[in-house]
Structure formats: C-alpha cells, structure tokens
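The structure under discussion appears below in the form of structure tokens.
The values are calculated or read from the model by the stated rules, or taken from the named source; none is laboratory data. This structure is a prediction, so every number in the text was calculated from the model and none was measured. Don't worry about glycine lacking a Cβ; one is built from the backbone with ideal geometry, like all the others, and counts go over all protein chains shown. Quick note on the areas: whole protein, heavy atoms, side chains included, nothing else; ligands and nucleic acids left out. Shrake-Rupley method; radii C 1.70, N 1.55, O 1.52, S 1.80 Å.
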Amino acid sequence: MLGRRARAWDLSALLIAADPKAGLAERNLWLVRMVEWLGHAAPRADPDDGKQVLRLRHLLGVLDRNPGHRASVVALLAAFFDGVDAAALFADFGFTPRVDLFGELGERLRRRVLPATPETTDLADLFGLVFHADDDAQWLRAIDDATLERLAALLGEAWNARSPRVDWHAPFLDAIMYLCSAVRASGFSGPMRLRMSPATLAGEPFRELARAGDAVHERAEAGLPFAAEAARLRALLDACRHAAASVFEHLEEFGVSVDLVFQVNQLRLRVRRIEALLACVESARPARDVLALLAALVDVAANRRSARALLSRHYALLAAKVAERSAETGEHYITRDHGEYRSMLRAAATGGAVLAGTTHLKFLVVSLGLAAFWSGFLAGLNYAASFVLVQLIHGTVATKQPAMTAPAMARKLTDEAGAGATDEAVEGFVDEVAHLIRSQSAGIFGNLMVVVPIVLVVQMAWGLASDTPLVPRKDAGYVLHSLTLLGPTALYAAFTGVLLFASSLIAGWAENWFVWHRLDSALAWNPRLRARFGPGRAQRISAWWRANISGLAANVSLGFMLGLVPVVAAFFGLPLEVRHVTLSTGQLAAAAGTEGLALLHDAAFWWCVAGIAVTGALNLGVSFLLAFRVALLSRNVPTAGRSRIYAAIRRRMWRRPLSFIWPPAER
C-alpha cells in the first residue's frame, strides 16, 4: 500500500493510497503514516517552530479543495472507526491488568524488543504505533482553535458516516464505566482495603463508585441531563483518591511494598483519567478537551516506552517510606547537648572495645590459610557477630551513623528549611548539621581512643606469656603495605562507604518487610510461644524483635558485605578491598605492637596514619552523601532554599568552627 518511510513525506502519495476498502492492517498503517507525516515537519526540524501545525492546515486545505480526496479520507476514517474499539484506548491505555510492578516492567521491555503489529482492532495497542515520536504531544497542544475546529469537522464527518451511526460520546461513557469498575476492584483488593484509613472509607466510596459511573452512562446515553450524577461521581472519585493516599499514612503499623505502591499509583491514574473523560463529555467545547486528553495519552505513550521512568516513579515513593524508617533510627545517633555527647562517647568506647577483639580474630582467620571464600565468610561472620554484640550491649560503631542520620537530616530540611523558610528555620537546620558532624566526631573519637590501647595491651600481655608475637611480622608488614595512603586506600575507603550506605537500605527494607508481614503480631500471639514462655514474655519477645530488626539487619548485612564482597569481586577480577576506619586502626595498632617503638621512626607508619584519617573521612562522607541524596530525592525536597543553607553553613564554620566538634556550653 505504502512504500518505505521516505515516501511518508509525500502527501500526494498518502491521499492517493487512502482506500476505504482496504483491509484492517492497511487502514491502520495508512493512519500511522499520515500521523508520521503530520508530526514531522521536515527531517531534523525543530519541534518548536510550528511547522507541524502548518502541515495540518495544509492537509485540511488540500482536502477542502479536492472533494474526491476528502471523500476517500472520510470513508477510510469511518471504516477505521468501525474497525477499532475506541473505548479500549480511553479505559486501558497506560494501565496494566497486572497488579505487580515487575509484570509491567516485563511488558515494557517486551514492547521495546519486539515489534508491534498494525493488524489489531484494539486502539490502545495501535496508539503507540500511531504516536511514536517524543514531540507528538507538543505539536498536538500547539494546534490553534481555528485549525482544531476544521479538524474536528473532518473527524465528525467520518464518525457520522459510520454504519450504524453511533453517538461520539459512547466510547467516552463506556470508558468511564469500565474505569469505575477497575477502581472499585482495586479498592476492594486485600492489601489496599486492609491498609486504608477507616475514616476515608466511612462513605463507602468504592462501593458507590461503580453505581455512580453507571448512572452517568445511563443518563448521558439516553440524552438526559447528567450534571448531578457527574458531580456525585467526582465527589466519589475524590474520596477514593484520599482513601488510596491514606495507605501511606500507616507505615509504622502496616509497612509498604513495591506492588502496593504500584497498585496505588495505578488507582490514582485511573481516577485522573475518569475526571478527564468526564470533562470531555460535559464540555461546551469538547474538541479542545478531547485534544487535551489525546495529548495526555501521547505523553503516556512516551512514558510507556521507558522502563527507567516506571522504576524511578514507583521506587521514589517506596524509597521515601524506607528513608522515613531510617530517619526514625537516625534520630538516636544525633547528639545535641553535653549529656548526649558524653553518652555517644561512652557508647562508641564500648563499640571500640568489642572491635579490638574483632581485630585479633581477623588475624586469626587469616592465619588459618583457608580458601578465599571460606576466609571471607569467616571474616564476615566475625564482623557481623561483633557488630551485633555492639548493638546488644548498647554500643555504637561510628561508621554506621551517617547512613541512618542522613534521612533524619532530609526530614529536617523538608520541615524547616524549604522554599520561603525563615532565617530561624535555616539556622535551625545548620544547628542540625553541626549536631550531626559533632556526633560523627564523637563516634570516631570513642571508637579509636579505646580500640588502640586495648589492642596494644592484649599484645603486651601475650608477649609476656609467649615468645612469639600475637601478630606475626609478615602480617604486620602486610598491614603497613596495605593501609598506606600511597596505595589505593582512598578508593577502598570510598567503596566501603558505599557498603555502609547499602547496609542502611537493607535495614530499612528488613524493618518494612517485618511490619508488612505483621511478624510482630504473629510473634506476640503465636500459640507455641505463649504456651512455652507465657503471654507477657511473648509480648516482650515481639516488642524486642520489632525494636531491633532494623539494627540486626544492618549489622549482619554490613558484616558479611565487608567479608565477602572483596572475595566475590576478586572472583570476577575486580581488585576491590574494604577499609573500615575502626578496624583499620586496630590493625595498625596490632602492627605497631609487633614492630615496637622503632616503627614510630618509619615513614610507612605515618603514611598509614594519614591513610586512616582519609579512610574515616571517606567512610563517613560517602555513606552520608549517598543516603542524604536518596533521602532528598525520595522526599522531593525543594531546591529554592539550598543556597541560603550552604551560605549559612559556611558562616557557621567561619565564626564557630568548634561547634562542629564540641557541644555548645550549657546555659
């Protein structure tokens, strides 16, 4: 019927090829080529220069001057309207029958890889072929009123030429009815129904929605006024929207999942589509509203071509909820006065004492000479057990703090230092920054001021009891060689910061999973636990797991990542290692205990000291920056006040630098 793409630029060829008696695929392909001709003003044309609209005017002018061509195009369009299901476009396009995110992701990937066919009666399937350019929506919205009126007359003539004749409202009304049923079914699904606020369901909006949609359909189809029915439908849609939004107001009680986020977003989009369809059937100027709906559908078509857009949109909301959980945990790591600062030092000192033992156990694991995997596994088990022990005795490890405190900082930024914030709000946020940096300093000081002397004392005691050093000289030499700043220490320290950040995400995910599956309630009311320990103790067990699941997940995941990730990376030929500031300091202290005081005169030792300083900065900085960035993106923090905040932080550093290290004097 038509040649290759080059012939699509020839309007005469297109009009000659307009054959109303052609088959389904040929008619659909003709429409694809015509829209392609309209949408491309010229090869490599600027989409903002208005030539697409000029082409549309030219087409309408040619049809007005050539009755034969107009009759063929009208007849072909009439046959096209007869052969497709237009209601499917309005009711189904942009949505998915699947209720899971990954099913939709697979469908999008399939569409990108496999070609689509024009041999279809489903206008929703054909729509992506007709409008496949990213700028199609732009030139559609640029159509002026006069041109739109002429285009509407042409399409109306084709619609009225259908056999049998159907009112143009019919597909819009059918789509409203279908979408109302879909929204109702979504609202009645188990995960949604159980997690919506009872207050938002008081008027039973989902139960009444399908009836309201049917009422609008029946009145409009009969040619009767339906303004009252449309107003009721809009009120119910608004109630359904608020009910769906209430799902995320119960995070602590119910949790959230990827599929639930996807289902809520699908419901919101369907509600918005119904409102747009209502605007079309109620409008005094339906052509403009229908064009706006068509342009919105073209935007949807462009969006459906992107798997990245799907993931970013749906994971943003999920990340917000996980970040919110980390924010609650992170508040415990921020010190604001002398008392909290001293408490942080004590907790960090406790953590440092445990990690001193971890250091010696690491040398023991190395001395066993195991295969790489088992050596990494035992090292990870050593780290994980040590971190869990620190948690159970209420100690702290400095490097765990930043990834947890960053979401708390983002929440503070949202609440107090957004666009239009007062000077007091900005200064309040700078206070939080000072509190945070001071907390990290206390954590590092507490860890290091204990891990070094304990490691040295243990080695001295071993030396008094044995003729051989606790840490062999070859291992001490390896420590001096590996921790030096002259090597890749900075790279490894930054990579460790990424692992610290990843452990915070795992912690938020694990707590959310625990709440989503209501395991706290399952433990509290488990018949076996209640029979063995009694109801009161079962409740305490449930509360303990609820309070500690996040920390356990963070500690265990971090420990095994520190031990196993370098092994896995080496298997793939990637020379990656980990550099944790407290563990590295303990190893350097152990090396110094083996080499003796003479090591203080060796430049290699001081290069390792410099390497540890850089390691601490990168461990904290990278993990905090990654977590803070994710938290900002997930919370949609405005950018208007950021320059004021940066300026305020610089002023504070210049005028009161010690406030970032030591808490202010108590009044």
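Dipole size of the stretch 477-593 about its Cα centre, with +1 on Lys/Arg Cβ and -1 on Asp/Glu Cβ: approximately 720 debye, rounded to the nearest 20. In the stretch 421-514, taking the dipole from charged Cβ atoms about the Cα centre, the farthest positive-side position among Gly497, Gln440, Ala510 is held by Gly497. Only protein heavy atoms count here; under a 1.4 Å probe, His394 has an accessible surface of about 150 Å².
For the stretch 551-625 versus the stretch 199-213, the spacing of their alpha-carbon centroids is 59 Å.
Summed over the residues of the stretch 450-553 and divided among them, the accessible surface reaches 56 Å² per residue at a probe radius of 1.4 Å. Ranking Val73, Val568, Val622 by solvent-accessible area of protein heavy atoms (1.4 Å probe, all protein chains present), from largest to smallest, gives Val568, Val622, Val73. Ordering Leu483, Asn548, Asn526 by the projection of their Cα atoms onto the charge dipole of the stretch 469-602, which places +1 on the Cβ of Lys and Arg and -1 on the Cβ of Asp and Glu, puts Asn526 at the extreme positive end. Counting heavy atoms of the protein chains alone, Arg518 has an accessible area of about 130 Å² for a 1.4 Å probe. Evaluated with a Cβ-only charge set (Lys, Arg +1; Asp, Glu -1), the stretch 170-223 carries a dipole of roughly 320 debye about its Cα centre, given to the nearest 20. Residue separation of Asn548 and Arg530 scaled by 0.36 nm, minus their Cα-Cα distance, works out to 4.4 nm of gained length. Computed over neighbours whose Cβ is under 15 Å from that of Pro469, the net charge equals -1, Lys and Arg +1, Asp and Glu -1. Between the listed residues Ser257, Val216, Val271, the Cα displaced farthest toward the positive end of the dipole of the stretch 205-277, a dipole computed from Cβ unit charges relative to the Cα centre, is found at Val216. A simple charge model with +1 on the Cβ of Lys and Arg, -1 on the Cβ of Asp and Glu and nothing else charged puts the dipole of the stretch 463-529 at about 100 debye relative to its Cα centre. What the phi angles of the stretch 453-462 give under the Karplus curve with 6.51, -1.76 and 1.60, with θ = phi - 60°, is a coupling list of x, 5, 4, 5, 5, 4, 5, 5, 5, 5 Hz, glycine and proline written as x. The figure for Trp516 is an accessible area of roughly 50 square angstrom, using a 1.4 Å probe on the protein chains alone. Listed values for the stretch 231-237 are Karplus-derived 3J(HN,Hα) couplings in whole Hz (6.51 cos²θ - 1.76 cosθ + 1.60, θ = phi - 60°), namely 5, 5, 4, 5, 4, 5, 4, and x replaces Gly and Pro.
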